[in-house]
1. Kindly state, to the nearest 0.05, the FRET efficiency for Tyr293 paired with Leu93, given R0 = 45 Å and r defined as their beta-carbon distance.
2. For the modelled label position 7 Å from the Cα of Val163 along Cα-to-Cβ, which residues of region 98-129 have backbone nitrogen atoms closer than 15 Å?
3. Search the structure for amide H atoms under 5 Å from the amide H of Glu677, placed 1.01 Å from N in the peptide plane, and list their residues when 5 or more places away or on another chain.
4. Over region 656-719, one equal point on each Cα, no solvent: what is log10 I(q)/I(0) by the Debye formula at q = 0.15, 0.24, 0.29 Å⁻¹?
5. Compute the helix-to-body angle for 742-751: its Cα long axis versus the longest principal axis of the chain, expressed 0 to 90° and rounded to tens.
6. From Cα pairs below 8 angstrom and at least 6 apart in sequence, can you work out the relative contact order of the chain, rounded to a whole percent?
7. Might you work out the accessible area of Arg757 for me, using a 1.4 Å probe with all protein chains in place, and round it to the nearest 10 Å²?
8. Residues in region 242-285 near a label at Lys315, defined as backbone nitrogen under 17 Å from the 7 Å Cα→Cβ point?
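The values are calculated or read from the model by the stated rules, or taken from the named source; none is laboratory data. Just so we're clear, the structure is a prediction, and the values are computed from it rather than from any experiment. Cβ placement follows ideal geometry from the backbone for every residue including glycine, while neighbour counts extend to all protein chains displayed. Heavy atoms of the whole protein, side chains included, go into the accessibility calculation; ligands, DNA and RNA do not. Shrake-Rupley method; radii C 1.70, N 1.55, O 1.52, S 1.80 Å.
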Amino acid sequence: MKALPVCVLLTLASVCAAQLYEPMSAPFATWVDNGKPVARIVTDDFSGGTVQPAEMLNRYIERIAGAPLPVVDTPEGDAPTVYLGPTCGLARLEDRPDLGTEGFAIISDGSDLIISGTGRLGTLYGVCAFLEEFLGVRWFWDDPLGEHVPTVSTLRVGQIRNVQRPDFRYRWIGRNDWALFHRMNVSTNQPEEFQTKWFVHTFLRLVPPERYVAEHPEYYAMRGGVRADPTDRQKCVQLCTSNPEVAEAAARTIDEILEAEPSIDMISVDPEDAQNFCQCDACRALDEPGAPYARQNSRRLVLFYNRVAELVAEKHPDLLTKSIAYHTYVAPPEDPTLRLHDNVVIQFCRFEGHDHPLFDPGNPKNREFHDYYLGWRKIAKNIIFYEYYYKVSWLHLPWPIVHTLREELPYLRDTGLMGIATQYTRNFATHGLGYYVAAKLLWNADLDVDALVEDYYQTAFAEAATPMERYYERLERAAEESGLNLAGQRPYPEIVMLFTPELMRDLDSAVAEAENLARDPQAKARVEFVAKGLAYTHLFVDYLRTIAQVHAKLPATPWRGSVTKEMKDETDRLAGPKAEAIRAFLKDPANHPAVGGINGYFDVALKPSSALGAWVDPVRRRGNTGLTKTDWLQDNPQNLSETLPGGISLWVYGNDLDFVGGQPEHTILIRRRDGGETVFGHVGTAEQPGDGANRAYVITGIKPEQFADGKLQLVVTNDPGGPFASHFYGFYVLPELTAATSDFATSKIQNDLDWVRGKSLGFTEMQFDGLRSYDGDRADITITIEGASK
């Protein structure tokens, strides 16, 4: 970029940025004149860290004006002086501002300028803010192409009084210098930052099996009546959190870590990434009876978090222990006596609904998450969010969330949120704007987002700003209007539904116009950079549309579909070459960091038959909340007989109901009138295993006297040693039919479900995802008997 004439830099920083940042005012002092330094720097003697404030300031002063400023111990003469740090800087002021622990001041003192925090890190924040807000430097994304540094022949600096403090105590977006430039306080590589030990899922680090399992197998979760083997890390075995010795072992590990790393501010005390929690009597006794999925394990974990925190506080009263709220413990316990200790931080996972702000009542999933958040707010002093400003399951595709961030982060600041830690990777063509806006709002939630994004378009894309604004705003509007609850773990249909042919044509048009208009070399390169992300999106959306065409052939049952071998083969044949083209694109270094690399989510996504099997229609999922015969009869009245047939059978329909190790995976028991249980049958056969498929099994021999008060009470077990999880979709009580083999029942449920419902004496159907059954689980099923159809 050619050097600009005198004072153009001032115009760039204070006029082009519109109302984004406060402008400097007269009088102005010359810092560099035609490549020769005039001003000088005096700095406190800082130690530690990867960069010093004077070094950071000079790195950019030299690039802006052609010469660094000399660093001196004692200034002589009347040349302008830049004072960096509290001792040499803030001490000069009679009225010293309150900076807190991480704030900073940029204050003119005549022709001199003071930039200072309360220490080295705050002073670095002040230097970064000065470069950005007053000299026009920008760090759009973490790559040289994402950096904008204007140049001038003469650098003049006017009068400034600017004092800032962060709106959130905990700020973690990005890493290294980019994070530092945006005043994050985690992962900046600076010793004074908020030191966090581990991110998540740490139970087995705190109570390591190699240290304890030989002598204390009881420290680990009981599943199906036996203690699980924690040495198989892929099974993510949980701890037996009711055992007081387990809390003591975890606290002992933390004590040992703090001896070696005394600067740690917060340490993770988090369950492993699975829902196979301990089933021993002592752990079950801590749970709330009948708790829904979202709080099944919340109470036991809150008690454990508190006990570990108590023990840790005995030696380390200032240390925070961070514990996640996620899946079966994402909702707070209902026990009104419970409150988290003040040294516990809850890390709340809001893992869906990013197309609307958390508090938006129009989004059903967000209504749930918002209620959970407010519930935790009542019992926890400290809450941080585990965020998804990069949703790894979204597979590096454009993630337009600015419309959500602009409303949500001010609200979270106002409700006392401690901070944000987000998933992040180097995929800036598709996620760069979201990272940038989120980082800015974590520091100042009141920042004018309209001015911020306008500055982004104008500064990053120059002559191409207008079509690039249209590109980004079109994505935002599509997400906001989609109603798709973005995004789940296998969001393949949502991707196809969001990136419609019409949207893709609009994006193509905007980028083509931008490529034609861009003249500035950097702006042109940035447009081409974004175009790589769009090219990748085309590849992936076309691939998923091919799979969608095969998926459309599945029977339209209310649950997840079950694909045949023929359908899998067809999908692999049609979509396989397209999957390889995506792999090649992701592996090409020329496309990094426009899009990210291949991660574990691509193992399923880029295996066409696996993606077909994981395909979940979001409309059908929302539409199925479960059904009983009683409910069905309201829309489908029948003449029913109170006389029951002599032979009665049970049809059980589900997914992945296996036969492994020479035995069926599931046992069905009937609960007797006296409260006891009788084994009735098993699900899964050697001849017809349900491995990975949707299948029905028929069990005959139910007697009318086994009904209690017009109901059939069943207990379904997932016997130990089977695969990780199964899904039950429906239980149907029918008269025994001569032709009712398992194949017949499967075909009828998949192709003529209302026939099955009509023939049933009673049935219970689960919601779209079914009843999840993990190894060792037991579940109660109640079927109300309405009678036989005449």
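1. 0.20
2. 98-109, 114-118
3. Arg672
4. Evaluating at q = 0.15, 0.24, 0.29 Å⁻¹ gives log10 I(q)/I(0) of -0.51, -0.98, -1.22.
5. 50
6. Working: 1621 pairs, mean separation 71.1, N = 790.
Answer for the chain is 9 percent.
7. 30
8. Output list for this probe position: 245-269.
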